[in-house]
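Quick notes on the structure that follows.
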Amino acid sequence: MVLAALILVPLGLALVALLWPAARQRPWLLPLGGVAHLVLSIAAVAGRPAQLTPWLGLDPIARLLLVAVSVLFLSTSLYAPGYLALKPGRDQRVFTACLLALLGMISAILAAQHLGLMWVALEACTLTTAPLLYFHRNARSLEALWKYLLVGSVGIAIAFLGTLFLAYSALHAGLTPSLVLSDLVGDAPRLSRPWLHSGFVLLFIGYGTKMGLAPMHTWKPDAYGEASGLVGTLLAGGVSSAAFLAILRFHKILVAAGDGAFGRQIMLVAGLLSIAVAAAFMARLRDFKRLLAYSSVEHMGILVLGVGIGGSATLGAMLHLVNNALVKGVLFLAAGNIHRVYGSKRAAAPEGLTPMPHEGERGGAADGADPADRPPPSATSPALASSAPVSGLLRRLPWSGALFLLGVLAVTGSPPFGTFVSELTIVRGAFATGHGAAGIAFLALLFAVFVGMGSTVLAMVQGPAPSTLPAERRDTVLTIAPVVALLACVLGLGLYLPAGLQTAFAEAAAWLEGP
Amino acid sequence: MSALASPLLVVVLLINLFLLGTSRVRAAITGAAAQGVLLGVLALVIDDALSGSHIAVAAGAIVLKGIAFPALLARAIRDLAVRREIEPLIGLVPSLLIGAIGTAASLLFASSLPLAPAHEGSLVVPGALATVFTGFMLLTTRRKAITQVVGYLVLENGLFIMGLGLLEAMPFLVEVGILLDLFVGIFVMGIIINHMRREFGSIDTERLTSLRE
């Protein structure tokens, strides 16, 4: 009952948002949905409701993720009214409705115990994201949307093929095919191995595309780069995490079939590859929103790497799943604030480096073609020479700048943030389970990412601010407080893990590895 | 499995090769439409017993894959005056060859998978894999947005064939999958193509290059 409400309440509110006549109050439906969802999530997690239908239920990982996504959505929803107030000309009706529908669909993925239903929900996620990405209605967001849909649809089609293969593995074994997870786990030892294995590969590629693992990540920099901060938050923290959970559910079937090593091997390689690709692209990348996209590729890699290593690293992956989701909110929302004030997504060149000329030109031209992220031309800013690169953040936007800096420290795994604990757990797991080479490679790549992100971000926060920025654009309580709250959560998870949460994380890891 | 199924699948495979070899966009749409109709017929003959879900799936395939989506695409090319695919990333003859190799590889791979008794010796699994592969080739190597959508349609056709093998066992999954995928693919992409035309004055995805490192 509670689970159905988790899906239906946001969908119902989405419908209300479509019908609501007054633009002024409409964005406040988002916090309403966020609060309702959080209350329902806590009820669902605490109450362990009786299963009405085998199709809906919460496994231990879904429980963790449900609360994390709920917190993330509530924070973005508080940020949203202030954000939307700055964009009077846009289609806010559809935007608000799609955000709420997206929340409902993410909940549906988390609560789906029927793998076909889970697939439908993920497909619906893709659908509801399309208008969100095209909110700015310019050529660049159209391009991002086309790539997102094309790559995403192929991924989801391949995942469907994998689901069919999985069903066929039961059919071939002479079982009644069922896509209810608990049935498949129970029947796992009898499933036809060749079909199960090829099905898992297809599912990993398919859902891995939605996660944004390299080399299927090509849509991610474009989509995240063009998406507004709150859409980026929900994509990077919500949809990607949910796609990861989808892969884990199939991994669970493999483990139950006694073939866990097969899945782990794939994940180990795919994880390291994603982190390496991200690290390579992040070096000297000046566009800070695309930088966040590559950071997301990296962290998706860390998640599958943790599960691929297995043992105690699985626990690290579970910790990282929650930490990553929350820290993504800090980064994308703070980056959105910065982008809005500076009108540029380009960081200043670090001292001692001259910017590559073509890059500077492109960034400038692109911002010129992107009228969406600045207020309508007014007397104060006629030509708005604000495509100047971002620098002097700590002076011009002390709150957003500091939050962005701290967020980058958190996302690169610096102590004392929760991400440090989770990455450390994965590294220790690697050495404890005899994956020493993978552990060393992981550490080296983390360092490379730290240097790559660090140089860009330091150039953004230091130095003088461009003098051309209009003075009336500044941080407000509503665009800062939710980010502070999310950062506090990540910090809290790093400093102290209450016993209840410890049990929850341990349960999640045990569920995945256990029989 | 009726005796008609295999010849039908052979024709589907031949259409795959035709799609890879043609440069005319209209011919590609017609080919995909013919494939859709064939798949609808295939749904009727694939199992010995004919149930309601067979008829529903067959009707859905013929109406949507065979008529509605091709008609939408045909209207789009008429409005946009698209005739020919510009030189694809991989030339027509090489992509035809790759398609043939892919079909052979699908046959080999499928023969390494154990089949349920009902599908012994049939072309369902290799046909599905080869069609998915063809769709993927069209999607990745062609430059016009319309041809990419045709590629997506063909990829979906491949999934449909695989789904037919499971239609008796789990009709619901197959039906939902078919409808939803097509909905996303065609309607949403169709809308975007329309926007693209207004924005760029062209549906040449080569112009979508402002976002890159």
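The values are calculated or read from the model by the stated rules, or taken from the named source; none is laboratory data. From a predicted model like this one, the values you see are computed outputs, not experimental measurements. Virtual Cβ from ideal backbone geometry, glycine too; neighbours counted across all protein chains shown. Just so you know, the surface numbers come from the protein's heavy atoms only, side chains and all, with ligands and any DNA or RNA stripped out. Shrake-Rupley method; radii C 1.70, N 1.55, O 1.52, S 1.80 Å.
Tell me, yes or no, whether the range A:461-469 has at least one residue that is free of Cβ contacts under 8 Å to residues at least 60 places away in the same chain and open to solvent by less than 30 Å² (accessible area, probe 1.4 Å).
No: zero hits.
On the given criteria, is A:Ser240 modelled with pLDDT under 90, part of a helix (DSSP H, G or I) and more than 9 Å from chain B (Cβ to nearest Cβ)?
It is false that A:Ser240 is modelled with pLDDT under 90, part of a helix (DSSP H, G or I) and more than 9 Å from chain B (Cβ to nearest Cβ).
Among the listed residues A:Asp187, A:Asp183, which satisfies the condition of being over 25 Å from B:Glu120 (Cα atoms), among the acidic types (Asp, Glu) and in a helix (DSSP H, G or I)?
Being over 25 Å from B:Glu120 (Cα atoms), among the acidic types (Asp, Glu) and in a helix (DSSP H, G or I) holds for just one of A:Asp187, A:Asp183, which is A:Asp183.
Can you pull out every residue in the range B:104-113 that is within 11 Å of another protein chain (Cβ to nearest Cβ), open to solvent by less than 50 Å² (accessible area, probe 1.4 Å) and either over 23 Å from A:Leu166 (Cβ atoms) or in a helix (DSSP H, G or I) (or both)?
The one that is within 11 Å of another protein chain (Cβ to nearest Cβ), open to solvent by less than 50 Å² (accessible area, probe 1.4 Å) and either over 23 Å from A:Leu166 (Cβ atoms) or in a helix (DSSP H, G or I) (or both): B:Ala110.
Taking the range B:166-176 only, how many residues are closer than 15 Å to A:Thr176 by Cα and facing another protein chain (nearest Cβ under 7 Å)?
Number of matching residues: 4.
Residue by residue, here is whether (1) open to solvent by less than 20 Å² (accessible area, probe 1.4 Å); (2) within 21 Å of the chain's Cα centre (by Cα); (3) touching a residue at least 60 places away in the same chain (Cβ under 8 Å) holds:
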| site | (1), (2), (3) |
| --- | --- |
| A:Leu149 | yes, yes, no |
| A:Thr163 | yes, no, no |
| A:Ser169 | yes, no, no |
| A:Ser178 | no, no, no |
| A:Asp187 | no, no, no |
| A:Leu196 | yes, no, yes |
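Picking from A:Gly316, A:Gly260, A:Gly271, which residue would you name as being buried (at least 24 other Cβ atoms within 10 Å of the Cβ) and either of a type in the set (Val, Ile, Thr) or touching a Leu at 6+ places or on another chain (Cβ under 6 Å) (or both)?
Matching residue, one of A:Gly316, A:Gly260, A:Gly271: A:Gly271.
Can you name the residue in the range A:320-334 that is small (Gly, Ala, Ser) and within 10 Å of the chain's Cα centre (by Cα) and, of all such residues, is farthest from A:Tyr79 (Cα to Cα)?
This residue is A:Ala325.
Mind telling me which of the residues B:Leu42, B:Leu89, B:Leu73 ends up being part of a helix (DSSP H, G or I) and modelled with pLDDT under 85?
B:Leu73
Restricting to the range A:54-99, give me the number of residues that are assigned to a loop (DSSP other than H, G, I, E, B) and either touching a Cys at 6+ places or on another chain (Cβ under 7 Å) or within 22 Å of A:Leu32 (Cβ to Cβ) (or both).
Looking only at that region, the number is 5.
Is it the case that A:Ser228 is open to solvent by less than 20 Å² (accessible area, probe 1.4 Å), within 11 Å of chain B (Cβ to nearest Cβ) and among the hydroxyl-bearing types (Ser, Thr, Tyr)?
no
Looking only at the range A:51-100, count every residue that is of a type in the set (Ser, Thr, Tyr) and open to solvent by 20 Å² or more (accessible area, probe 1.4 Å) and tell me the total.
1
Return yes when A:Leu133 is hydrophobic (A, V, I, L, M, F, W, C), within 21 Å of A:Leu203 (Cα to Cα), more than 10 Å from chain B (Cβ to nearest Cβ) and crowded, with 24+ Cβ neighbours inside 10 Å and no when it is not.
It is false that A:Leu133 is hydrophobic (A, V, I, L, M, F, W, C), within 21 Å of A:Leu203 (Cα to Cα), more than 10 Å from chain B (Cβ to nearest Cβ) and crowded, with 24+ Cβ neighbours inside 10 Å.
Do we have any residue at all in the range A:116-128 that's in contact with a Cys (Cβ under 7 Å, 6 or more places away or on another chain) and either within 14 Å of chain B (Cβ to nearest Cβ) or within 18 Å of A:Gly237 (Cβ to Cβ) (or both)?
Checked the range A:116-128: at least one residue is in contact with a Cys (Cβ under 7 Å, 6 or more places away or on another chain) and either within 14 Å of chain B (Cβ to nearest Cβ) or within 18 Å of A:Gly237 (Cβ to Cβ) (or both).
Would you check if A:Leu164 is at the interface with another protein chain (Cβ under 7 Å from one of its Cβ atoms) and at pLDDT 90 or above?
yes
So which residues in the range B:129-150 are open to solvent by less than 10 Å² (accessible area, probe 1.4 Å), at the interface with another protein chain (Cβ under 9 Å from one of its Cβ atoms) and touching a Ser or Thr at 6+ places or on another chain (Cβ under 8 Å), if there are any at all?
Within the range B:129-150, B:Ala145 is the sole residue that qualifies.
Checking the conditions here, which among A:Leu142, A:Leu127 is touching a His at 6+ places or on another chain (Cβ under 7 Å), without any contact (Cβ under 8 Å) to a residue 40 or more places away in the chain and in a helix (DSSP H, G or I)?
So the residue among A:Leu142, A:Leu127 that is touching a His at 6+ places or on another chain (Cβ under 7 Å), without any contact (Cβ under 8 Å) to a residue 40 or more places away in the chain and in a helix (DSSP H, G or I) is A:Leu142.
Taking the residues in the range A:202-218 that are in a helix (DSSP H, G or I) and within 12 Å of chain B (Cβ to nearest Cβ) as candidates, determine which candidate is surrounded by the fewest Cβ atoms within 10 Å (Cβ to Cβ).
Result: A:Ile205.
Just to be sure before I move on: is B:Ile101 open to solvent by 50 Å² or more (accessible area, probe 1.4 Å) and assigned to a loop (DSSP other than H, G, I, E, B) in the structure I sent?
Criteria not met by B:Ile101.
Go through the range B:114-151 residue by residue and tally those that are within 30 Å of A:Glu143 (Cα to Cα), more than 16 Å from the chain's Cα centre (by Cα) and in a loop (DSSP other than H, G, I, E, B).
Looking only at that region, the number is 1.
What number of residues within the range B:20-38 satisfy the criterion of being closer than 17 Å to B:Ala71 by Cα and out of contact with any strand residue (DSSP E or B) (no Cβ under 8 Å at 6 or more places or on another chain)?
13
Checking the structure you have, find out if any residue of the range A:184-191 is at the interface with another protein chain (Cβ under 7 Å from one of its Cβ atoms) and either of a type outside the set (S, T, N, Q) or farther than 25 Å from A:Thr129 by Cβ (or both).
No, every residue in the range A:184-191 fails to be at the interface with another protein chain (Cβ under 7 Å from one of its Cβ atoms) and either of a type outside the set (S, T, N, Q) or farther than 25 Å from A:Thr129 by Cβ (or both).
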